[in-house]
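First comes the structure, then the notes that go with it.
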Amino acid sequence: MSAIEEAPPIAKEDLVDAFSAFMGAASRLEHSHVRLQSEVQQLRRELAERNAALAVSRAENERMAIALRQILDGLPCGVAVVEVEAEKIVLANPVCRALLGLSAMELPADCEVPNWLRMAVIGAGNSPAEDGFEQEVKVEWEEKVRWLSIRSNRLTKAVPEQAVLIIRDVTGQKNTEKERESARNLMALAEMTTVLAHEVRNPLGSMELLARCLTEDPGLSAESQQYVEHLQAGIRSLAATVNNALRFHNPGSQPFRQVEVSSVLRSGVEFVRPLVSQKGVALQVEENLAQTEIMGDAEALKQVFLNLFTNSLRHTASGGEIKITSYLAARGSGRRVVIEFADSGNGIKAEHLSRIFNAGFTTTGSSGLGLAVCRRIVEEHGGTMTVSSQVGVGTTFWLEIPAL
């Protein structure tokens, strides 16, 4: 027997079947490979398409984000996003950063909500998201008062809970409303003042006429004559106040005519002599205008002189002096009538000098309209009015009006 046994013989039919099975398996494997390659290629194409679409979407999102950021930065109101519970600001546009006092483009890591904004954040957390919360707050900012309107809405899907705040500076609107209210009050006051002044002026005219008749009575005793002079002084002082009210609330609309200044000045001096006599003040007048004329309103100028007289008398004690000087002065290529009203009164404090021409300003309890009316009338005549004063020494007013 041989050491190597011979393999049993394989039937031809079995070999053919095995080869057929092998070929079938190889064919199926090749078909699966082809299909797998096709599917891989399809997946690659889909992946490439999805990547391209994702890149386009990302680019579009970035473009929209930039556009939205530019819109947010360009808004005239402040916009901020805050975390409600932590009370931290996580986003703010430039207007909001300015309101918060932040100059950097980015917010600090821990930017806390200021006190004036805290109530809006609390209100946003307590209010329904669709309703929002709105309020107005007054803020002291750079030594000025500012009014801010704040509207807040919760972001419903934000985690942690967040709210968006819209902040508008409504200081201008507040000031406008206040000015309108003040204008309405002034208009009502002007109407009431005008009515009262007209109602008072007619009886005053009658009283002045009767007082003048009394002074012409030869049988009037010296004491009674003095009483009548005091009565005239009071009537004329009251008439000046009434005329100031009328002139201030209803500026003169009379056409200007040629006016001889010296004549108007003399008339004014005579009108106030009872006032000067009653106060016991010396009155000195120096006229150097001859027959110089200006274009103006004689009655309005007389009101100026009367106001300056009464103002000087009010601040000059008995025994003092009021001096009126008038002359022509060259100013550039023209001439101007200059009238000085100087008194030896108690003077005006330096801090008050810039305010004495403001309507309503007074330190003596008067109406505060006299000097305001004077400046307005002088400016209507194309002139200027200035003042110089020293406490305890006296005050001087200068009027300059263009001469013809």
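Specify which of the listed residues (95, 82) is in contact with a Cys (Cβ under 8 Å, 6 or more places away or on another chain) and in the same structural domain as residue 145 (by TED's automatic domain parsing).
Just a single option satisfies the conditions, and that option is 95.
Pick out the one residue from 32, 103 that is modelled with pLDDT under 90, in a loop (DSSP other than H, G, I, E, B) and of a type in the set (Ser, Thr, Tyr).
It is 103.
So, in region 264-297, exactly how many residues are modelled with pLDDT of 85 or more, more than 46 Å from the chain's Cα centre (by Cα) and among the small types (Gly, Ala, Ser)?
Counting residues in region 264-297 that are modelled with pLDDT of 85 or more, more than 46 Å from the chain's Cα centre (by Cα) and among the small types (Gly, Ala, Ser) gives 2.
Select from region 54-100 the residues that are outside any strand (DSSP E or B) and within 23 Å of residue 122 (Cβ to Cβ) and list them in ascending order.
Selection gives 77, 84, 85, 86, 87, 93, 95, 96, 97, 99, 100.
Collect the residues in region 157-168 that are surrounded by 10 or more Cβ atoms within 10 Å (Cβ to Cβ) and either free of Cβ contacts under 8 Å to residues at least 60 places away in the same chain or in contact with a His (Cβ under 7 Å, 6 or more places away or on another chain) (or both), keeping them in residue-number order.
158
Checking residue 114 against (1) at pLDDT 75 or above; (2) surrounded by 15 or more Cβ atoms within 10 Å (Cβ to Cβ); (3) not basic (Lys, Arg), which test does it fail?
Against the list (1) at pLDDT 75 or above; (2) surrounded by 15 or more Cβ atoms within 10 Å (Cβ to Cβ); (3) not basic (Lys, Arg), residue 114 comes up short only on (2).
Go through region 257-298 and report how many residues are part of a helix (DSSP H, G or I) and closer than 22 Å to residue 378 by Cβ.
Adding up the residues that qualify gives 14.
Quick check on my filter: what residues within region 301-350 are exposed (fewer than 15 other Cβ atoms within 10 Å of the Cβ) and among the polar types (S, T, N, Q)?
Across region 301-350, the qualifying residues are 318, 333.
Which of the residues spanning region 125-165 are modelled with pLDDT of 70 or more and among the aliphatic types (A, V, I, L, M)?
Correct list: 137, 139, 145, 148, 150, 155, 158, 159, 163, 164, 165.
Pairs under 6 Å by beta carbon, first residue at pLDDT 90 or above in region 365-385, partner part of a helix (DSSP H, G or I), six or more apart or different chains?
385/375; 385/378
Only one residue in 362, 395 is within 27 Å of residue 273 (Cβ to Cβ), in a strand (DSSP E or B), among the hydroxyl-bearing types (Ser, Thr, Tyr) and touching a Gly at 6+ places or on another chain (Cβ under 9 Å). Which one?
After applying the criteria, what remains is 395.
Any residue in region 312-331 that is more than 13 Å from residue 269 (Cβ to Cβ) sitting within a Cβ distance under 6 Å of a residue that is assigned to a strand (DSSP E or B)? List the pairs, counting only those 6 or more apart or interchain.
If the second residue must be assigned to a strand (DSSP E or B), the pairs left are 316/343; 321/282; 327/338; 328/335; 329/336; 329/338.
The values are calculated or read from the model by the stated rules, or taken from the named source; none is laboratory data. Remember, predicted model here, so these are calculated numbers, not experimental data. Glycine gets a Cβ as well: all are built from the backbone with ideal geometry, and neighbour counts include every protein chain shown.
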